[in-house]
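Everything below concerns the one structure shown next.
The values are calculated or read from the model by the stated rules, or taken from the named source; none is laboratory data. Predicted model only: the values in this text are computed from it and were never measured. Don't worry about glycine lacking a Cβ; one is built from the backbone with ideal geometry, like all the others, and counts go over all protein chains shown.
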Amino acid sequence: MLKKPIVIVEDDLAIAELIDFNLQSEGFATEIFASGDLLMRDLPRVESGGAALFILDVMMPGINGFDVCARLRKRPAFDLTPILMLTARAAEQDKVTGLETGADDYLTKPFGIRELISRVHSLIRRYAKIHDARDKMANDTSAELDADVIAIGPISLDDARHRVFVDDREIDLTNREYELLKFLMKNRGIAFTRDELLNHVWGFDYAGETRTVDVHIRQLRRKLEKDDKAPVLIETVRGRGYRFFESIA
């Protein structure tokens, strides 16, 4: 069986070839696209063969990396495919935008090639665990589905079916948003620091920043709260981090 490639979308040929060479030296299969437009044009073929991970440059002619990321996340085939963004700008908003469109991690250019390789290994290991957990759940026909439902106030999380409802209305969450919500709901009333949430939800080998947690919390509030500016479900605990309310009136 052929390895799924790491797909590199980068318009700077020198950078693309540097990444390509080092990933292949690590034993990965790779494929390079010089623009987001070229990837989108060939996406049905990429989709049919699968991808181990996407590395997306942000600033590209035509479709930029943010738009490519958002389009990939709308495809069921890439729901559980890690995405690493590369940006030449260190602006905080660029990083936030990348995370909000569905990216898992980002690196600012210029970056060290060993750091990139480390991030790639970390993302692939993390998603392999998620795939294994889903496969185990799908094959466990004896599972009691009702035992996998967590209901607190208006929120109902059906872990067996990987679905979330607010007042019987289904909410579309990214995989990371879902895992973060599930962890907070299972540990309702307990305040966690950003580092603790990174360790439990993203994994102990996650090399990104704690800002990632804030972005995902904000996205969850937008999707779950009646007023995300005055949240009642996911509380900010001053000097600590976040917690899910133990009970909701």
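Just checking, which of I83, I15 is among the β-branched types (V, I, T), within 28 Å of E177 (Cα to Cα) and not assigned by TED's automatic domain parsing to the domain that holds G203? Just one listed residue meets the conditions, I83. Would you confirm, using the coordinates I've provided, whether D132 is of a type in the set (D, E) and at pLDDT below 75? Yes.
Quick check: anything in the stretch 226-247 at positive phi, modelled with pLDDT of 80 or more and either of a type outside the set (D, E, K, R) or not in a loop (DSSP other than H, G, I, E, B) (or both)?
Yes, some residue in the stretch 226-247 is at positive phi, modelled with pLDDT of 80 or more and either of a type outside the set (D, E, K, R) or not in a loop (DSSP other than H, G, I, E, B) (or both).
For the stretch 75-95, filtered to residues that are under 20 Å from W202 (Cα atoms) and of a type in the set (A, V, I, L, M), the residue that is surrounded by the most Cβ atoms within 10 Å (Cβ to Cβ) is M85. The requirement of being assigned to a loop (DSSP other than H, G, I, E, B) and among the aliphatic types (A, V, I, L, M) is fulfilled somewhere in the stretch 20-41, by at least one residue.
Mind checking which pairs have a first residue in the stretch 170-196 that is in contact (Cβ under 8 Å) with a residue 60 or more places away in the chain and a second that is part of a strand (DSSP E or B), Cβ under 6 Å, 6 or more apart or different chains? Short answer, once both residue conditions are applied: L184/F244.
Filtered by the rule that a residue be within 23 Å of S122 (Cα to Cα) and surrounded by fewer than 22 Cβ atoms within 10 Å (Cβ to Cβ), the stretch 20-45 gives D20, F21, N22, Q24, S25, E26, G27, F28, A29, T30, E31, I32.
Only one residue in G50, G102 is at positive phi and crowded, with 16+ Cβ neighbours inside 10 Å. Which one? Steps first, answer last, please.
Working: G50 fails: crowded, with 16+ Cβ neighbours inside 10 Å.
Going through G50, G102 in turn, the sole match is G102.
Just to be sure before I move on: is L72 surrounded by 22 or more Cβ atoms within 10 Å (Cβ to Cβ), in a helix (DSSP H, G or I), free of Cβ contacts under 8 Å to residues at least 40 places away in the same chain and in the same structural domain as E100 (by TED's automatic domain parsing) in the structure I sent?
Values: surrounded by 22 or more Cβ atoms within 10 Å (Cβ to Cβ): yes; in a helix (DSSP H, G or I): yes; free of Cβ contacts under 8 Å to residues at least 40 places away in the same chain: yes; in the same structural domain as E100 (by TED's automatic domain parsing): yes.
Yes.
Answer yes or no: is there a residue in the stretch 52-69 that is within 15 Å of the chain's Cα centre (by Cα), in a loop (DSSP other than H, G, I, E, B), in contact (Cβ under 8 Å) with a residue 12 or more places away in the chain and under 24 Å from E17 (Cα atoms). Checked the stretch 52-69: at least one residue is within 15 Å of the chain's Cα centre (by Cα), in a loop (DSSP other than H, G, I, E, B), in contact (Cβ under 8 Å) with a residue 12 or more places away in the chain and under 24 Å from E17 (Cα atoms).
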